[in-house]
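All remarks here apply to the structure that follows.
The values are calculated or read from the model by the stated rules, or taken from the named source; none is laboratory data. If you're wondering where the values come from, they're calculated on a predicted model, not measured in any experiment. Here Cβ is always computed from backbone atoms with ideal geometry, including for glycine, and neighbour counts include all displayed protein chains.
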Amino acid sequence: MVLSFRQSGKSYSQYRAYSATRLDMKIGVLNSGGDCPGLNAVINGVVGAADKLGWEVYGFIDGFEGLLPEGGDYIKLTPNDTIGIAKLGGTILGTTNKGHFAAKVGEGDIAKIPRGIIDAARENVNQLGIEALIVIGGDGSLTTALQMNHEGFNVVGVPKTIDNDLQATAMTFGFDSAVTSVVDALDRLQTTGQSHKRIMVLEVMGRHAGWIALWGGIAGGAHAILIPEIDFDIDKVADFIKQREADGKRSSLVVVAEGARVSGGQLVTKNRGGASEVTLGGAGDIVADQLSAKTGKETRSCVLGHLQRGGSPTAIDRILGARFGVKAVKLIESGKFGRMVSYEAYHVGSVPIEQAVHKLRLVDPDSEMVDTARALGICLGD
């Protein structure tokens, strides 16, 4: 039966002692939304920490869809099942950002999950004897987790997104791996651009936040970085590149966040409306075409795309993922539901899920990181 400590009739301290001393407790774990380097490290941390308590862990296949009695599926996870998975990209449980539990639509509007779907998931989870659920996801998935917590599920959230745009945590696992892939791409583009005296434009992920572009651009030696949080003037970027040319610089690297607003402040999207969020993409091509026309230089555009989400996680993401997974189990052990694991000042703690999903964590144009970019002579287009 899925009951919180309030619904159980026990005091908080009684519930904590009850859950901490039980050897037959069953918990579930799922990941939802886009895949992300480090997911398997989280799962490994969950299984390891639960095993130390004598608990059973069930992994639900393909995110929230796995909770449903029809079409859903799950597997029992033991430490033997998770040996060596921390270094693997993707997720052994599979994931989806579509289906019955899509909480974000359009350009981020929130849609509540229908009561019938919630009730069907509850009945299935109760029949399995699952008493707590760990949800690994971004703002959309955690919005669903929050609704489920309000509907009586014992839920603990783990922040997951390469975009690093969740409130209430300084960093999410997967971000470092994404930035590393951007740096690798810029290193490669620099040599080919230099050889042909070209402007090389790299479009990166991040949705409405510029963290990947800013961090990756600084680390990868970009000469211009265009992010959603800073309105840019393409003429100023073109003038900057022409000045570099006058100073004898053979080529320039430009990083464009997919959410950067071009052509009169508009988002560049591949689709609008429908049952899912809009897919951003194409800003890099537009910037490349405009820079080519305004500078007269040969320009090439490259979209890094899903290379930022695939592949093995970095050491930082493996460690952070493991720490997040262990902390999620400890929150269940303490009866602290409705909370999300967080990372601040090198410490893994927790915050109410509400604090993480009400709005995105965006780059502050007056932040130290932006100041660093400007000090390095990077053009931000403003």
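Overview of results
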quantity: Which listed residue is more than 27 Å from Asp184 (Cα to Cα) and either among the charged types (D, E, K, R) or crowded, with 17+ Cβ neighbours inside 10 Å (or both), from Arg339, Arg323, Arg361; calculated: Arg339
quantity: Filter result for the condition that a residue is surrounded by fewer than 24 Cβ atoms within 10 Å (Cβ to Cβ) and in the same structural domain as Cys36 (by TED's automatic domain parsing), over Asn164, Asn149, Asn154; calculated: Asn149
quantity: Criterion violated by Val256 - all others in (1) part of a loop (DSSP other than H, G, I, E, B); (2) touching a Gly at 6+ places or on another chain (Cβ under 9 Å); (3) closer than 28 Å to Ile316 by Cβ satisfied; calculated: (1)
quantity: Of all residues making up region 122-141, the number that are assigned to a helix (DSSP H, G or I) and among the hydrophobic types (A, V, I, L, M, F, W, C); calculated: 2
quantity: Unique residue being at pLDDT 95 or above, under 26 Å from Ser350 (Cβ atoms) and among the polar types (S, T, N, Q) when the list is Asn154, Asn80, Asn97; calculated: Asn154
quantity: Any pair with Cβ under 9 angstrom, 6 or more apart, that starts in region 250-266 at a residue that is in contact (Cβ under 8 Å) with a residue 60 or more places away in the chain and ends at one that is assigned to a strand (DSSP E or B) and β-branched (Val, Ile, Thr); calculated: Ser251/Ile199; Leu253/Ile199; Leu253/Val201; Val255/Val201; Val255/Val204; Val255/Ile225
quantity: Among residues of region 48-65, those that are over 18 Å from Phe337 (Cβ atoms), of a type outside the set (Lys, Arg) and surrounded by fewer than 24 Cβ atoms within 10 Å (Cβ to Cβ), counted; calculated: 7
quantity: Residue pairs meeting the criteria (Cβ under 8 Å; at least 6 apart or on separate chains; first part of a helix (DSSP H, G or I), in region 314-336; second basic (Lys, Arg)); calculated: Arg318/Lys87; Leu331/Arg339; Glu333/Arg16
quantity: Residue under evaluation Gly206, criteria (1) outside the structural domain of Lys330 (by TED's automatic domain parsing); (2) over 24 Å from Val348 (Cα atoms); (3) at pLDDT below 95, criterion not met; calculated: (2)
quantity: Number of the condition not met by Leu226 [criteria: (1) touching a residue at least 60 places away in the same chain (Cβ under 8 Å); (2) surrounded by fewer than 20 Cβ atoms within 10 Å (Cβ to Cβ); (3) of a type outside the set (Gly, Ala, Ser)]; calculated: (2)
quantity: Yes/no for Pro228 being under 30 Å from Ile85 (Cβ atoms) and either of a type in the set (Lys, Arg) or not in a helix (DSSP H, G or I) (or both); calculated: no
quantity: Filter result (of a type in the set (Gly, Ala, Ser) and closer than 14 Å to Val255 by Cβ) within region 281-304; calculated: Ala283, Gly284, Ala288, Ser301
quantity: Residue under evaluation Thr372, criteria (1) over 18 Å from Met171 (Cβ atoms); (2) surrounded by fewer than 17 Cβ atoms within 10 Å (Cβ to Cβ), criterion not met; calculated: (1)
quantity: The one condition in (1) β-branched (Val, Ile, Thr); (2) at pLDDT 70 or above; (3) under 19 Å from the mean Cα position of the chain (by Cα) that Ile110 fails to fulfil; calculated: (2)
quantity: Flag if Val135 is over 26 Å from Ser312 (Cα atoms) and of a type in the set (Val, Ile, Thr); calculated: no
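Residue-wise test of (1) surrounded by fewer than 16 Cβ atoms within 10 Å (Cβ to Cβ); (2) farther than 24 Å from Val29 by Cβ.
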position: Ala260; (1), (2): no, yes
position: Leu267; (1), (2): no, yes
position: Lys270; (1), (2): yes, yes
position: Gly284; (1), (2): no, yes
position: Val287; (1), (2): no, yes
position: Gly310; (1), (2): yes, no
